[in-house]
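First comes the structure, then the notes that go with it.
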Amino acid sequence: MAEKDTPESDRLDDFAHPREVAALYGHQEAERALFEAFMGGRMHHAWLMTGPKGIGKATLAYRFARFILHYGTPEAARAAGARDLAVPPESAAAHQVAAGSHPNLLSVRRPWDDKTKKFKTVLPVDEVRRISHFFGMTAGGAGGWRIVVIDAADDMNTNSANALLKALEEPPPQGLFLVLSHQPGRLLPTIRSRCRTLAMKPLGVAEIVEVMRAEEQKLKAGEAETIAQLADGSAGRALAIASGGGLALYKELAALLSALPRLDIAAVHALADKAARRGADDAFETLSELLTLWLQRLIRAGAGLDPGPDIAPGEGAAMARLTDPARGGASLDRWVEVWEKIGQSIARGEALNTDRKLVVLNIFSMLEAVASERAGV
């Protein structure tokens with residue numbers, strides 16, 4: 001049950017929480033797999049729902065939970081003529097799931113720390129241990145189902161991962177785990193082996209545009225499509241970019257990066273100040289995401305893959321130059337290495353509460369150094 005006014009780590013800014021969203025964009029195959037497993041009486045007790053962050057894994061998980069908690073049995077769903085996982089929006093289960101108050105549904109995620117006024121950086125073992133107490137309670141109605149949504153398993157530390165493994169090994173009758181993971185390869189093999197994997201794909205541009213329109217984003221003509229291209233299959237990322245002025249920020253960032261190995265130091269400091277000012281958590285997170293996206297596009301270009309259309313003028317040509325050793329660019333291996341280091345630098349900076357301006361300046365220093373290696377600057 002969600003406590004009123006308590007921040008939720010699995011909610012994106014002020015947008016609807018996945019449990020509140022009735023519509024599902026894309027993922028017809030994944031929905032069909034869940035529907036047929038339930039209707040055919042072939043339900044696995046644990047599903048590992050995988051795919052990039054922000055593509056709709058949680059939306060599908062809560063949609064499935066809502067369906068089971070509404071109908072309870074395949075017979076009841078069949079009698080009602082169910083053809084997919086949708087349920088009547090006026091149903092008690094739909095209202096309770098949306099409110100986070102259904103007694104047979106438990107959400108496990110990184111908790112809010114009232115002392116630091118931040119979310120815990122990991123999913124602690126005490127949160128995972130709540131599952132045992134939850135399964136120990138008597139389930140009322142809903143065909144006796146009790147459902148746990150873990151969003152996301154990637155946030156677990158060693159102790160919480162072992163606690164989840166124990167819970168998976170001793171599932172109660174009609175206990176269901178919906179385990180979400182953005183990087184399943186990092187999970188314990190024993191956790192993966194006890195789940196049925198449901199691989200979900202990134203969304204298409206048209207589907208992401210639909211999500212943005214459903215969330216009533218006010219954008220100029222063509223901006224929704226441009227942001228959808230930039231979001232690389234993630235509706236969550238697209239919404240964050242659209243709501244936080246991310247498109248303008250990306251163009252500012254791309255202009256700086258396209259000039260590598262030379263940097264406009266004053267502009268870099270101005271950008272760092274913008275992302276590091278007090279209360280600018282969203283701006284820093286958006287900048288971090290956009291930096292990562294730009295580097296991913298650069299690496300695709302260096303690997304001979306299509307990085308997508310230019311979003312900022314001349315960025316495609318700059319990416320080609322920076323990844324071509326014959327033209328003074330660094331090797332693809334070095335760009336992959338710096339991409340990984342930047343990700344680690346951002347994560348370490350957040351964990352240690354490092355001055356964000358220093359984090360941003362250090363990132364640009366790393367990029368400048370790599371771009372200068374073969375350019376002879």
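The values are calculated or read from the model by the stated rules, or taken from the named source; none is laboratory data. Remember, it's a predicted structure, so these values are computed and weren't measured experimentally. Positions of Cβ are generated from backbone atoms using ideal geometry, with glycine treated the same way; all protein chains shown enter the neighbour counts. We work out accessible area using only protein heavy atoms, side chains counted, and drop any ligands, DNA or RNA first. Shrake-Rupley method; radii C 1.70, N 1.55, O 1.52, S 1.80 Å.
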*Give the number of residues within segment 57-67 that are under 19 Å from the mean Cα position of the chain (by Cα) and open to solvent by less than 20 Å² (accessible area, probe 1.4 Å).*
6
*Failed condition for A266, given (1) open to solvent by 30 Å² or more (accessible area, probe 1.4 Å); (2) at pLDDT below 95; (3) of a type outside the set (V, I, T), with all others met?*
(2)
_helices (runs of 4 or more DSSP H) enclosed by segment 279-377 - at least 1 residues per element that are open to solvent by 40 Å² or more (accessible area, probe 1.4 Å) and among the acidic types (D, E)_ = 281-302, 332-351, 356-373
*Taking the options E207, E252, E225, name whichever one is assigned to a helix (DSSP H, G or I) and modelled with pLDDT of 95 or more.*
E207
*Can you work out which of the residues in segment 24-41 that are farther than 23 Å from W145 by Cβ and of a type outside the set (D, E) is surrounded by the fewest Cβ atoms within 10 Å (Cβ to Cβ)?*
Q28
*Determine which member of the set K201, K166 is at pLDDT 95 or above, surrounded by fewer than 16 Cβ atoms within 10 Å (Cβ to Cβ) and assigned to a helix (DSSP H, G or I).*
K166
_Condition first: open to solvent by 50 Å² or more (accessible area, probe 1.4 Å), in a helix (DSSP H, G or I) and not aliphatic (A, V, I, L, M). Can you find one or more residues in segment 42-56 that meet it?_
no
*Listed residues L105, L85, L123; which is touching a Phe, Trp or Tyr at 6+ places or on another chain (Cβ under 9 Å), more than 25 Å from M212 (Cβ to Cβ) and open to solvent by less than 40 Å² (accessible area, probe 1.4 Å)?*
L105
